[in-house]
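One structure is given below, encoded as structure tokens.
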Amino acid sequence: MDSPQVKSFAVWDYVVFAALFVISSGIGVFFAIKERKKATSREFLVGGRQMSFGPVALSLTASFMSAVTVLGTPSEVYRFGASFLIFFITYAFVIIFTSELFLPVFYRSGITSTYEYLQLRFNKPVRYAATVIYIVQTILYTGVVVYAPALALNQVTGFDLWGSVFATGIVCTFYCTLGGLKAVVWTDAFQMVVMIVGFLTVLIQGSAHAGGLHIVLERASNGSRLNIFDFDVDPLRRHTFWTITVGGTFTWLGIYGVNQSTIQRCISCKTEKHAKLALYFNLLGLWIILVCAVFSGLIMYSHFRDCDPWTSGIISAPDQLIPYFVMEIFATMPGLPGLFVACAFSGTLSTVAASINALATVTFEDFVKCCFPHLSDKLSTWISKGLCLLFGVICTSMAVAASLMGSVLQAALSIHGMCGGPMLGLFSLGILFPFVNWKGALGGILTGITLSFWVAIGGLVYPAPDSKTLPLPLSTDQCVPSNFTASGSQVLYGRPAIADMWYSLSYLYYSAVGCVGCIASGVIISLTTGYQNGKDIQPLLIRPVCNLFCFWSKKYKTLCWCGVQHDSGTEQENLENGSAWKQAAESVLQDDLRRESLAPVPGCDPKDKSYTNMALEKITHF
């Protein structure tokens, strides 16, 4: 197949693109110099827990609205329609559940790694199992995020493939290792601005090129791209209202609710109120990026409605559609193609940096400090920096394997579903089910992982037929004739019966399968082996969600919490008595962690109705 005949990068494109890397690296150098006297691992990994909500909100949005979104979502809309807008509802559910259910538990317990919670609630084997799963998940996902945009841009713009892969890895590793979490957060904030500006240039120029937004919408409607709401309950359908709202909520809750990368940023905030504000302002960012990506896909369809470059053989993969489109509409405007490439790589840089920082944190907190609990602050900081460097190399190397994973968006969400769903189920067992014991937790996570990997790998080997994915028609009527062979209808040979049922499940349900499987098996195993004694569980490790349903009866509240002393008086007493909580937590950890790793539970400020990092304030004012 011939390579795309498109305009190559001009000098100004390279200048704009290079500026992104220079500024990102400069932020890392700035924080390395500014924070050089604060040589503690806590300062390096969680920013001293003194961040405000603004930059954290931008960082959260940039980290999870990666190049997967910039390249993948417009392509999905182009091929399958604007049903992706339903994620507007999904994101709202996810942020509400995260901020009101999971965040308060993690923030108030004073942990640094989310997996510390699992040791406090269950035991060390559960914690280590979850940490290993998270590390594998994050490395796989980061490989997709690094490789996919580099490949798409290489094949369309001639941008060097491995040069961009290694440049991404080197720059991210550089500013993560130098500046720690503060550098990551502020660089993400800058990259978020670049992403929005890049999208806006495409929207403005693309709409003008088409003759106005009303023309775009009219053409999209004629091409069935605006049929957003499909209420078919068939779980095998790729995108319906139910797969996106239900399956998407499970998938993104696994990403947001219990993911170390998200929680690490939230617990770096100076108060719980700031952490919640960061999540809610981040929701606005998610909505803005989603709308920009969907409209970019519609504008792209309007432009290519009579000559689809993918089916005509001009490009070789759907992920190359948006870069190809950009190179066409900005053909006479040097610098703007470079701005869009910077937009795509901003998403890559922010996601990779977040992953590297989170991987270094969980490895240091969950393994290094457990084995060497008496490390000095200086040595701890150097080890943290070394871990950032190590994971930067691993994540960059992992990009090679990403070429085998197919569609960038589906691959990324499938990875999160396979690992994030069972992890969501594990934390839900700990927070929502007080009677679940460590055997149920360990059995649950293993069952959830087995189920989610089974269905996801089966779906990779036996792709769902077009009758379930329902791609919309694409035209090549006005394409210049070229030497290509049109792909015929998909003929499926030797498919087992399970392939058309279980393996054809929508990829958005992978997370739900893992989560529900984990919870169900965890509950059954706990009831079979003897449930957890509620008196042994610290109240702050549980969220009294059932109080909403049992508000009329103190008896039923007590019954639902299985002996956990979770009435308001006891909880308030525990919040105010930080030393008591610290002693209880240390007895659970049995001195495996350093005393400083379990800071007292943040104090309650009745005026602010929030929780602050009291232990840190004492250290600061010492």
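Some values worked out for this structure:
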| quantity | calculated |
| --- | --- |
| Too-long pairs where the Cα-Cα distance tops 23 Å, listed order kept, from LYS34/LYS273; LYS34/LYS385; LYS369/LYS535; LYS124/LYS535; LYS182/LYS378 | LYS34/LYS273; LYS369/LYS535 |
| Calculated P(r) tail over 18 Å for region 74-176, as whole % of Cα pairs | 71 |
| Cα pair count fraction exceeding 13 Å, expressed as % - region 263-323 | 71 |
| For region 313-399, accessible area per residue (1.4 Å probe, heavy atoms of protein chains only), Å² | 29 |
| Ratio Rg/Rh, restricted to region 212-275 and using Cα atoms, in which Rh is the Kirkwood radius | 1.23 |
| Two-decimal log10 I(q)/I(0) for region 215-343, as the Debye equation yields it once each C-alpha is a single scatterer, q = 0.13, 0.16, 0.20, 0.21 Å⁻¹ | -0.83, -1.08, -1.22, -1.25 |
| As computed over region 287-389, the Cα convex hull volume per residue (Å³) | 161 |
| At q = 0.13, 0.30 Å⁻¹, base-10 log of I(q)/I(0) for region 68-129 (Debye sum, equal scatterers on each alpha carbon) | -0.60, -1.16 |
| By average C-beta atoms within 10 angstrom, highest first, the peptides 90-97, 16-23, 113-120 | 113-120, 90-97, 16-23 |
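The values are calculated or read from the model by the stated rules, or taken from the named source; none is laboratory data. All of these numbers come straight from a predicted model, not from anything done at the bench. Reconstructed Cβ throughout: ideal geometry from the backbone, glycine too, with neighbour counts over all protein chains shown. When the accessible area is computed, the model is the full protein with side chains, heavy atoms only, and any ligands, DNA or RNA have been set aside. Shrake-Rupley method; radii C 1.70, N 1.55, O 1.52, S 1.80 Å.
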